Amino acid sequence: MLSPELQASTRPLYAVGNTPAISLTRCLPQGLDADVLLVGCGDVRHLLYTAYANLGFPARRLDITACDVNPHVIARNVVFLTLVLDGGAAVSPVQIWNIYYHLYVDADDMHALEAQAEKLVGLSGSLDDWHTGTYGTTIRFCDADSLADVRGIWAEYVHGARAKESPAYQSQFGDKLGASRRFKDKWCGPGFNMHSTSRSGAPLSRDMVKDLIKALARYWQTGLARPAPPATKLYANPTFAEALSERSVLAWPSDPLLSFHLATAEANLTELSPLRLDDDKAAETSRLFEAAQVQFRAWVDAFRAAASASSTTIRFITADGFALCHTLQHNVETGAMCAHWYRRKLGFQALELAESEYGKEGTAPTKFDVIDTSNIADYCGVINLLVSAGPLLKDAPSSTVYTEIMTRGGASDSAKFGALLCGHTKTVSILLGLAPVECWTNATTESVVDECLAAIASSDEATLGEGGLKIHSRLAWKHGRLFSGRAPSAPSQKLAVKPEDLEILAYQIYRNMLADTRAPIGAPKYNRVSFLAFLKAVCKTVAVQPAGSESPLVAQLLAQSLGRPDASEADSLHRHDLLLEMAQLGLYSSPELDPGSNDSPLAPFNKWAAMLATVSVTLVVPPEQWQAELRRTGGFVLLGLVRCRAANKMGWQDVTRQSLYSNMQVAFGAIEVHGTRDHDNFLVTLPREDPAGFSGSSALVATFNVAAATLTAHDTHVSIISYKSVAAYIESGYFLEPFFEAHVLDEDHVFITKNPPGQKGPHHIVGGLPPALSAEAAPQQTPQASTSTTSYEPEPEPEPEPELSANIDGSTGEIVSVTLRQNITSDRGKRLLADIKSPITLRPTSSSPFTVELVLGAPGGVIFGPQPLVLPLTAPVPIQLHHTKTRVARRSGYVEVIVATPATDAVAVSSPEMDAYLLPTALMEWPGKQDNTKKAMVPATLNVPHVSLDTLPILAVDSKSRLKFLSTLSSLIFSARERRLREAALASDTTPDSARLNFKESLFTMFNVAAGLQGGATGLFALHNPSGGGIHMLVFVNAVRLDGAAASVVLDAAVIPFTHAILSSGRLEAFLLVLRTLECCTLTVDEGELGLWKRALPALAERCRTWEHGERCQYSARWGGKPAAPVSLEAGESVLCSCGAGKLPERFIALPDWEVAARFATRVAISPVFATPFVEELIDGETARTFKAASKAAEAAEKAGGAEKKEEEGDEEDVGDVEVPALAMPEACRACGRIDATLKACGRCRAVKYCTAACQKKDWKKHRMECEDAAAA
């Protein structure tokens, strides 16, 4: 396995969600058929919400492979989904909710569960029975063993339902819940409560925190999500009772309500808003519960409709996520169903996919558009996930791997990102070919504002400003080479890396990966298999120079480095472990593994036909010995140990005779042997594993591979030792103390075989992204049309693809620069290059900062003279022209461009090239829509999620007091750095020299004006460039909507970019005259900000598109020209394609002559754009302390009025002693949004506040009328 396993520890059961649902297709163009892989799928919330979030979009086929290592999770999900598919005829939505979410159910619910479980058992006799049965079209299984696992659990449900009146069954369930509560009390404090619930209440969690925490406490006390228990008798729900135990506890903070977007319970929604609560029903229960119920019903209906249209397939598998990913990789490469991985980290069952699903006739996907890994990275490490899941991504700009981690205190977020991949993160990601898109763009529309504020409220005031707020961070990883804006089918060279450079980098990553070897607490995330899987992936993704010397040379150099005399104790102990895995993965076969002759009478395999370098050792440990170690440690990571006595018989101190092996698999039960012990036909099997595991009393059976050469020495012993004992030995240097040890020839406890039990060979790790279309296999590139304002079309002439090479700093292991070498081979190119008067220049492109154009020659000149040659150069890092060097070899016929990598992330995001790289798109080929010449192209958004606007709740803007949260939310779109720049610009009365900052300033104004929080409320905005032609586009805001999945809000709007064609036609004249009589907010923009708006519009339109691109779409440029999105950045030219013009809901804007204007308008979804926490600090220490002071003041006020409030409320539901820290928002400056505790109120109306007199003066034009009205009132 890639990640060590903490055996016998208490494990959380993720049967109920604890974070709000997200759409699994949020990164994909609408209408694109999607294959999705869920690694650690958990409950059904994401499946349901995805169906709801796709309502109104062009139809797509959705095929989801859902993997979870816990079969109880899968069994519950299938029960739920089949009840939903049955249509609610026999089981109501309320009953489905109760069966799935409540820990206790009534007799009717129990009867419904029993009947459904019995039905499922009858349908699941075999894989073929299930797939041809009632639910086989929509719900499928990837293998027969997964179906057998859940079938056994369904049978347990039947038994549990029939035992509902048994006092013993009910008492046992109470004990199991007690174990979950004790575990929660031990590890989770009240601050964790606030943080955990804030995500589900965002962006209004500050007004809901008390109710959210009380609802969570209620669920853990009563087992019910509704406030008051019913009068009927309740019984233990078998779907929980069969899954929980002393060692399997309900994950904290599981609560059904936290799966939903609960801001609708507090928000002031319009009468016709989607997902609006029924106030009468809410009064009967609670607003939180009713909000969840409304969404639950809407999501279930959407899923049922998608399934009935045969557009959704869900494939379940109960297996370790890494095992599944590597088995799928092996299947893609070889067609085999088994890659010799164990299904789980406990047990000897091999993972073998079903031939009917993954064979030649199978339809199950093996490449995916989306791979979501939940929060597995917290336990197993991000690098393991990227190595395992990355190669399964389809080759498209929209394809994404999502990872999620909880960032923890101690270091700043940017420092954590720097070490996320056990090395310089951007360097390692480049070598893996996967790019963290939000970290290159430093932009996200997903807010962590509520989480940050909750973390501040629950943090120690003394530590504020030191970084390390606890927030969930979700990163999207995409194919790095597709950032360039070039088509995926465009040929590309691998990045070349020198073997010695790669060895230096690999050595540092090895050290970082295994740095926790000395830490005796918990389980490490990585072992040596993890590292070698990474190394193999890198060696497959990059080109290792010199030509023909790939991974063996790198691995050999690394093995030599780790075998030096000054190697650490851990390296010496694990040397054979490392060399063995290198050999098994095909990286390097060391002479040290040569087993030599086989003539020793003590050799345990002296009658084998041939000596093998690697063999498997299986040990049987009596229960009293492993139970004693378990009592001592409470849980352990197990390692194998092979050692022999020193020649002087004085003990085990001679570490050259000791070898540790970390890749161990354990199971419980009685083994069976087959064949002859000292022959190579000897086999060990475990036909009946004890499902009780560490809770039972069976023998522990452990197996691990060893170097055969280490077993032939005199008096060799094999042992099992815990990770903690090894760490203690390395720390003290005293003795290695295994808890079980036996002589290698002990026939009762030691068994040596070719392969581990249940396997037919070593596990396969394919490693690395599939190779891109290489220059050798593809046509040579042709010169590109210019993207500058100069108008000329260079004559197509082939040139080879540029060569890429990385330059790595040997001391830091970072890529400090990338060299692009463009060889010039055409006659025309050689002539231009040889002419010393011919200029050679670089210029940026409009498509991407990762691509520049190399221009040989100058435009213009003699009419019939040579025209310039324009060649695109694409790097895996942003190309900052002022940080590049150019070498021109006119005689040798090549040009080299050396691109320096940014010194820090802050330098990168503040550079001119990256400043406008905020909401980029990349054109992707649209499958299934093509003619005989060119494929259709559509823009794929890179860092903004797609939203179905018509499904989102609509905020009412008639009460400013209920929209104050929006002021805080919009204020924090500026990072701490950007707030300092704003304040400096305000103090000097200048405009910041940053298109990004000015764009955010416009967003801040739009949200506050549209909501009526700044000046008179209006939904009409004009982008006006005084020095560049006046008004360039109009934005019409229809509504401000809640976007719970992003913990934010979104403007539902339409945009009309003015073009020469529109204005000259005269069709808008009457409408524009009407607009002159209306209140319009004019946003003054400079050339840089205007260009950024134009670059962002394709993403803003594409993310909410309800229409399909036509055959004549300007993005595709199928009728001439170069495909591009935006279509053009030139003044008066089209920015958006015309496919979406006029595709708006009826009566979208209530204006005279709107039906005429609407023909030119395209719908857009405009969200606040936040800095990425991993790149920049969102809240600095000063701002954090301001928030903390406001929260403390609110808490003091609440305590002062607590007795009176309690008396007014009367009898309140008792949910135990729940600590609810207050969470209050300090007010923000009306003009600039600065958050400050010393704001001054307007002296006239006292209704608004400002941070400075300059801000008050700046805002007076907007505030004047409302100030006069307030003063008069």
Residue pairs within 6 Å by beta carbon, gap of at least six or interchain, first lying in the range 1066-1084 and within 12 Å of PRO1152 (Cα to Cα), second in a helix (DSSP H, G or I), listed first then second, are PHE1071/VAL1156; PHE1071/ALA1157
Among the residues of the range 1009-1021, are any of a type in the set (A, V, I, L, M, F, W, C), touching a Cys at 6+ places or on another chain (Cβ under 7 Å) and in a helix (DSSP H, G or I)? yes
Selection over the range 119-166 where residues are touching a residue at least 40 places away in the same chain (Cβ under 8 Å), among the aliphatic types (A, V, I, L, M) and either buried (at least 22 other Cβ atoms within 10 Å of the Cβ) or touching a strand residue (DSSP E or B) at 6+ places or on another chain (Cβ under 7 Å) (or both) yields a count of 6
The residue that is nearest to PHE1036 (Cα to Cα), considering only those in the range 1071-1087 that are in contact with a Ser or Thr (Cβ under 6 Å, 6 or more places away or on another chain) and open to solvent by less than 100 Å² (accessible area, probe 1.4 Å), is CYS1081
| When you look at PRO591, is it at pLDDT below 70, out of contact with any Lys or Arg (no Cβ under 7 Å at 6 or more places or on another chain) and either open to solvent by 40 Å² or more (accessible area, probe 1.4 Å) or under 23 Å from VAL497 (Cα atoms) (or both), yes or no? | no
Residue set THR334, THR285, THR327, THR363; condition among the polar types (S, T, N, Q) and buried (at least 18 other Cβ atoms within 10 Å of the Cβ); output residue THR327
Scanning the range 942-959 for residues that are in contact with a strand residue (DSSP E or B) (Cβ under 9 Å, 6 or more places away or on another chain) and among the charged types (D, E, K, R) gives ASP950
Here the qualifying pairs (Cβ atoms under 7 Å; residues six or more apart or on different chains; first in the range 712-724 and within 24 Å of LEU612 (Cβ to Cβ); second among the polar types (S, T, N, Q)) come out as THR712/SER600
When the range 54-93 is checked residue by residue, the ones that are open to solvent by 20 Å² or more (accessible area, probe 1.4 Å), at pLDDT 95 or above and in a helix (DSSP H, G or I) are PRO71, HIS72, LEU85
For this session: Assess whether ASP372 counts as being of a type in the set (Asp, Glu) and modelled with pLDDT under 90.
Result: no
Note: among SER254, SER248, just one is open to solvent by less than 10 Å² (accessible area, probe 1.4 Å), more than 17 Å from PRO953 (Cβ to Cβ) and in contact with a helix residue (DSSP H, G or I) (Cβ under 9 Å, 6 or more places away or on another chain), namely SER254
Of (1) under 25 Å from the mean Cα position of the chain (by Cα); (2) without any contact (Cβ under 8 Å) to a residue 40 or more places away in the chain, ARG315 fails just (2)
Any chance ALA225 is modelled with pLDDT under 95, outside any helix (DSSP H, G or I) and buried (at least 24 other Cβ atoms within 10 Å of the Cβ):
yes
ASP571 fails exactly one of (1) modelled with pLDDT of 80 or more; (2) acidic (Asp, Glu); (3) under 23 Å from ILE808 (Cα atoms), namely (3)
Of the conditions (1) modelled with pLDDT of 90 or more; (2) touching a His at 6+ places or on another chain (Cβ under 9 Å); (3) open to solvent by 30 Å² or more (accessible area, probe 1.4 Å); (4) part of a loop (DSSP other than H, G, I, E, B), the single one that GLU741 does not satisfy is (4)
Would you confirm, using the coordinates I've provided, whether ASP109 is modelled with pLDDT of 95 or more, open to solvent by 10 Å² or more (accessible area, probe 1.4 Å) and in a helix (DSSP H, G or I)? no
Over the range 1040-1054, the set of residues open to solvent by 10 Å² or more (accessible area, probe 1.4 Å) and either over 15 Å from LEU275 (Cα atoms) or in contact with a strand residue (DSSP E or B) (Cβ under 8 Å, 6 or more places away or on another chain) (or both) is ARG1041, ALA1047
Please indicate, with yes or no, whether at least one residue in the range 258-266 is at pLDDT 90 or above, open to solvent by 50 Å² or more (accessible area, probe 1.4 Å) and out of contact with any helix residue (DSSP H, G or I) (no Cβ under 9 Å at 6 or more places or on another chain).
-> no
Cβ pairs under 7 Å, 6+ apart or interchain, first in the range 358-378 and without any contact (Cβ under 8 Å) to a residue 12 or more places away in the chain, second among the hydroxyl-bearing types (Ser, Thr, Tyr) and outside any strand (DSSP E or B), ordered by first then second residue, are GLY362/SER356
Verdict on ALA778 being open to solvent by less than 30 Å² (accessible area, probe 1.4 Å) and either modelled with pLDDT of 90 or more or within 26 Å of GLU913 (Cα to Cα) (or both):
no
Reported set for the range 337-357 where residues are without any contact (Cβ under 8 Å) to a residue 60 or more places away in the chain and of a type in the set (A, V, I, L, M, F, W, C) is MET337
The range 1048-1162: helices (runs of 4 or more DSSP H) wholly inside it with 1 or more residues that are within 30 Å of PRO203 (Cβ to Cβ) are 1087-1102
By residue number, the members of the range 223-261 that are touching a Pro at 6+ places or on another chain (Cβ under 8 Å) and within 22 Å of GLN295 (Cβ to Cβ) are ALA225, ALA251, LEU258, SER259, PHE260, HIS261
**Qualifying residue in the range 40-53 (condition: open to solvent by 10 Å² or more (accessible area, probe 1.4 Å), among the hydroxyl-bearing types (Ser, Thr, Tyr) and not in a loop (DSSP other than H, G, I, E, B))** = yes
Within the range 1135-1159, the count of residues that are open to solvent by 50 Å² or more (accessible area, probe 1.4 Å) and of a type in the set (Gly, Ala, Ser) comes to 2
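The values are calculated or read from the model by the stated rules, or taken from the named source; none is laboratory data. Remember, predicted model here, so these are calculated numbers, not experimental data. Cβ coordinates were reconstructed from backbone atoms using ideal geometry, including for glycine residues, and neighbour counts include every protein chain displayed. Accessible surface is based on the protein model in full, side chains and every heavy atom, while ligands, DNA and RNA are left aside. Shrake-Rupley method; radii C 1.70, N 1.55, O 1.52, S 1.80 Å.
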